[in-house]
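Report on the following structure.
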Amino acid sequence: MIEVSLGKGEFLSALQAFGPYISALIIAGSVFYASRNYKHVQRRTAYDFYDKFADRMHDIRSLQLLYPDIPKIWDGGPEGHALSNVEPRHFYFAKMLLQANEAIFLALRDPLIQTKVTKMDLNGWRQNFKTDLRAPGFADIWRNYDHVRQSYSSVFQKEVERILNEIDKENRP
C-alpha cells in the first residue's frame, strides 16, 4: 500500500484545485432538484386549475337547479330559447356534465398532468362519457343548441362530435 501524506498547505492547494469541480457538481445537483420540483408544481397547478373550474361550475349549476327563478336571467337570449324548449333541470344538468367532462378531457390531454397518479386515461374517460352521450336527451341538448356547443373548447367540440358519430354508426342497422 502506498501512503501519501500531504502537508496542510498541500492539502489546501489540492482542495482549491478541485473546488470549482465540487462547486459545479453541487450547482448541477441543485438545478436538477429545482427543475424536478418545478415540474411537479406545474403539474399540480394545472390539475388544480381544472379541478377548481369544474367545482365552480358545479356550484353555479347546482344553484340553477335549486332555484327555478335563476334561469329567468337568460330570458330573451339563446339560453332562454333553449329553456323554453327543454326542462331547465335537464338542460343545466347536461351542461354540468359537459363542463365536468370538458375539464377532465382537457386535463387528460395535458402532458403536465400525470394520469398514472389518477389511474385514469383518455380512453377510459371516453368510454365513460360515451355512455352519457348515448342518452338521447343529453345528445339532443348538444346537437340542437349552438350556444351550448360554442361555449366549449374547439378540441372538446371535435371530440364530442367524434363520439356522437361513433354512436350513430353503432346504431345503424
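Order Ile27, Ile167, Ile22, most accessible first, counting only protein heavy atoms with a 1.4 angstrom probe.
From most accessible down to least: Ile27, Ile22, Ile167.
Starting from the Cα gyration tensor of region 134-173, multiply each eigenvalue by 5, take the square root, and state the resulting semi-axes largest first in whole Å.
So the three semi-axes of region 134-173 are 19, 12, 6 Å.
So how far apart, in nm, are the two label points at Arg172 and His147 if each is 7 Å from Cα heading toward Cβ?
3.4 nm
Heads up, I need the accessible area for Asp121: 1.4 angstrom probe, whole protein in place, Å², nearest 10.
Using a 1.4 Å probe on the heavy atoms, I get roughly 80 Å².
Along region 138-143, what does the Karplus equation 6.51 cos²θ - 1.76 cosθ + 1.60 (θ = phi - 60°) give for ³J(HN,Hα), rounded to whole Hz, x for Gly and Pro?
After applying 6.51 cos²θ - 1.76 cosθ + 1.60, I find 5, 5, 5, 4, 5, 6 Hz.
Expected output is a single nm value to one decimal: the length gained when fully extending between Glu10 and Ser154, i.e. 0.36 nm times separation in residues minus the C-alpha distance. What is it?
Here the answer is 44.9 nm.
Extension gain Leu63-Ile26, at 0.36 nm per residue separation less the Cα-Cα distance, in nm?
Working: separation 37, 0.36 × 37 = 13.32 nm, distance 5.49 nm.
Contour length minus Cα-Cα distance gives 7.8 nm.
The values are calculated or read from the model by the stated rules, or taken from the named source; none is laboratory data. This is a predicted model, so every value here is computed, not measured. Cβ: placed from backbone, ideal geometry, glycine included. Neighbour counts: every protein chain shown. These area figures cover heavy atoms from the full protein model, side chains too; ligands, DNA and RNA do not enter into them. Shrake-Rupley method; radii C 1.70, N 1.55, O 1.52, S 1.80 Å.
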